[in-house]
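The values are calculated or read from the model by the stated rules, or taken from the named source; none is laboratory data. The model shown is predicted, which means the values in this text are computed figures rather than measured ones. Note: ideal-geometry Cβ built from the backbone for every residue, glycine included; neighbour counts use all protein chains shown. When the accessible area is computed, the model is the full protein with side chains, heavy atoms only, and any ligands, DNA or RNA have been set aside. Shrake-Rupley method; radii C 1.70, N 1.55, O 1.52, S 1.80 Å.
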Amino acid sequence: GACVRAIEITRLTAAEYEVLSVFEANEIRKNRYPFNWEGRRFTIDMFLGDLFGLVMAEVSFENDIELDSFPKPPFALAEVTNNELFTGGRLCDLTFADIREEIRRSASAGG
């Protein structure tokens with residue numbers, strides 16, 4: 001079935017970032033790019049910092065039928081839609097090496 005996820009993005013001004021930077025916290029930094037493929041608009045996130053090397057592509061569908069009939073793009077290494085490891089709350093505690101190992105484990109387990 002489809003994964004329905006509410007996403008909220010807050011863009012900070014430089015001043016807001018400075019105010020919030022005094023707090024101890026993990027951060028995720030990434031550059032986001034639009035990308036069109038097979039008539040679909042993807043959002044490509046290229047991660048920086050400890051996650052440098054991780055690139056995630058996101059695309060939306062209107063319903064399960066559209067989702068199920070869309071072939072995995074040739075540039076996609078793994079499907080991570082329902083993998084909690086790839087949510088922001090988990091990613092901020094990981095490195096690219098952690099992600100690479102998880103994908104290896106998942107592939108060898110047939111996932």
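A few comments on the model shown:
- The stretch 68-97: chymotrypsin sites (Phe, Trp or Tyr not before Pro) in DSSP loop, at most 11 other beta carbons within 10 Å: PHE75
- Where the chain is the region considered: accessible area per residue in Å², 1.4 Å probe: 78 Å²
- Normalising the Debye intensity of the stretch 48-111 to I(0), with uniform scatterers on Cα atoms only, and taking log10 at q = 0.11, 0.13, 0.28 Å⁻¹ returns -0.30, -0.41, -1.37.
- Sum of -39500 (n - 2.57) over DSSP H runs of 4+, divided by residues of the chain (222 nm, nearest 500): -7000 deg cm²/dmol
- Assigned charges on the beta-carbon of Lys, Arg, Asp, Glu; the stretch 32-111 dipole about Cα centre (debye): 260 debye
- Residues considered: ALA78, ALA14, ALA57. Largest GNM mean-square fluctuation over the chain, using C-alpha springs under 10 Å, is found at ALA14.
- Taking the protein heavy atoms of the chain in the context of the full set of protein chains, the accessible area attributed to carbon and sulfur is 52 percent at 1.4 Å.
- As a size descriptor, the averaged projected area of the C-alpha convex hull of the chain was calculated at 8.3 nm².
- Longest segment of the chain lacking GluC sites (Glu not before Pro) that sit in a DSSP loop with at most 15 other Cβ atoms within 10 Å: 80-111
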